[in-house]
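Here the structure comes first, spelled out in structure tokens, and everything after it is commentary.
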Amino acid sequence: GDSVTQMEGPVTLSEEAFLTINCTYTATGYPSLFWYVQYPGEGLQLLLKATKADDKGSNKGFEATYRKETTSFHLEKGSVQVSDSAVYFCALSSLAGRRALTFGSGTRLQVQP
Amino acid sequence: DTGVSQNPRHKITKRGQNVTFRCDPISEHNRLYWYRQTLGQGPEFLTYFQNEAQLEKSRLLSDRFSAERPKGSFSTLEIQRTEQGDSAMYLCASSLGPGNDEQYFGPGTRLTVT
């Protein structure tokens with residue numbers, strides 16, 4: 001079945017550091033890939049998505065590239081801010097007839113001033 | 001606010017009681033999803049609707065759980081004879097439908113079973 005594996009957290013960085021959160025997946029067919037973010041006390045928000053191989057999703061300075069050959073969708077940001085502190089979830093939507101999202105377990109990011 | 005709304009935001013109940021949660025999706029969205037999230041984990045899919053039709057149910061959705069979406073608008077999720085293991089955040093999401101699979105989530109209902 002479909003699955004998503006994320007690096008375990010917490011990830012602790014200083015402000016302006018480079019961020020990478022690893023995400024790999026197993027899926028039937030060609031899934032759509034997503035990153036969601038959950039800020040403290042708030043609901044899940046869609047951060048970015050990519051729907052086919054080599055697509056790059058980007059938003060708010062975050063980027064992720066759909067790598068079919070390595071089944072990965074790593075999240076990157078060149079310079080993090082304290083306000084980026086949140087839990088980040090990688091997810092996929094399999095196109096093999098299933099419309100639900102399969103999520104990873106989440107990675108907590110803590111950015112220190 | 002035109003986002004997904006859920007009520008109540010918090011529910012504390014005693015074991016064995018029934019509870020019902022409501023979700024109001026974004027108005028033009030045809031698909032509605034229910035997920036459950038426990039502490040430190042990602043959301044897990046429970047069920048989803050295309051308009052009023054319930055098209056898929058997860059194995060997580062035991063016989064004590066039932067969901068409805070009458071008239072294809074709001075949805076309710078009922079848990080009968082609650083157990084302590086039902087304690088979780090219950091999330092609702094909606095999407096436009098075929099050709100657009102971006103799901104937008106509500107704030108969730110936190111259930112605590114004592």
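The values are calculated or read from the model by the stated rules, or taken from the named source; none is laboratory data. Bear in mind that the values here come from a model prediction, so they are computed numbers and not experimental data. Heads up, the Cβs are rebuilt from the backbone with ideal geometry, glycines too, and the neighbour counts pull from every protein chain shown.
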Exercise. Could you tell me whether the range A:69-91 includes any residue that is within 11 Å of chain B (Cβ to nearest Cβ) and either among the aromatic types (Phe, Trp, Tyr) or touching a helix residue (DSSP H, G or I) at 6+ places or on another chain (Cβ under 9 Å) (or both)?
Key: yes
Practice problem: Mind telling me which of the residues A:Thr102, A:Thr107, A:Thr65, A:Thr51 ends up being modelled with pLDDT of 95 or more, under 29 Å from B:Pro98 (Cα atoms) and surrounded by 13 or more Cβ atoms within 10 Å (Cβ to Cβ)? | Solution: A:Thr65
Self-check item: Residues being away from every other protein chain (no Cβ under 12 Å), of a type in the set (D, E, K, R) and crowded, with 17+ Cβ neighbours inside 10 Å - total across the range B:59-104
Solution: 2
Practice problem: Could you tell me which residue of the range B:40-53 is farthest from the other protein chains (Cβ to nearest Cβ), considering only residues that are of a type in the set (A, V, I, L, M, F, W, C) and crowded, with 16+ Cβ neighbours inside 10 Å? | Solution: B:Phe49
Practice problem: Scan B:Arg22, B:Arg15 and give me the residue that is surrounded by fewer than 18 Cβ atoms within 10 Å (Cβ to Cβ) and within 11 Å of the chain's Cα centre (by Cα). | Solution: B:Arg22
Quiz prompt | Residue that is nearest to A:Glu15 (Cα to Cα) [pool: residues in the range A:92-113 that are within 14 Å of chain B (Cβ to nearest Cβ) and not in a loop (DSSP other than H, G, I, E, B)] | solution = A:Arg108
Exercise. Go through the range A:16-48 and count every residue that is surrounded by fewer than 18 Cβ atoms within 10 Å (Cβ to Cβ) and aromatic (Phe, Trp, Tyr).
Key: 3
Quiz item: Being without any contact (Cβ under 8 Å) to a residue 24 or more places away in the chain, more than 10 Å from the chain's Cα centre (by Cα), in a strand (DSSP E or B) and at negative phi, is that true of even one residue in the range A:36-45?
Solution: yes
Quiz item: If a residue has to be touching a strand residue (DSSP E or B) at 6+ places or on another chain (Cβ under 6 Å) and within 17 Å of A:Trp35 (Cα to Cα) to count, how many in the range B:39-54 make the cut?
Solution: 4
Exercise. Out of B:Ala88, B:Ala67, report the one residue that is small (Gly, Ala, Ser), modelled with pLDDT of 95 or more and touching a Phe, Trp or Tyr at 6+ places or on another chain (Cβ under 9 Å).
Key: B:Ala67
Quiz prompt | In the range A:46-68, residue farthest from A:Leu109 (Cα to Cα) [restricted to those that are within 14 Å of another protein chain (Cβ to nearest Cβ) and assigned to a strand (DSSP E or B)] | solution = A:Ala50
Quiz item: Are any of the residues in the range A:76-85 in a strand (DSSP E or B), in contact (Cβ under 8 Å) with a residue 40 or more places away in the chain and of a type in the set (S, T, N, Q)?
Solution: no
Quiz item: Given the conditions (1) more than 17 Å from A:Leu46 (Cβ to Cβ); (2) surrounded by fewer than 16 Cβ atoms within 10 Å (Cβ to Cβ); (3) not aromatic (Phe, Trp, Tyr), and given that B:Glu56 satisfies all but one, which numbered condition is not satisfied?
Solution: (2)
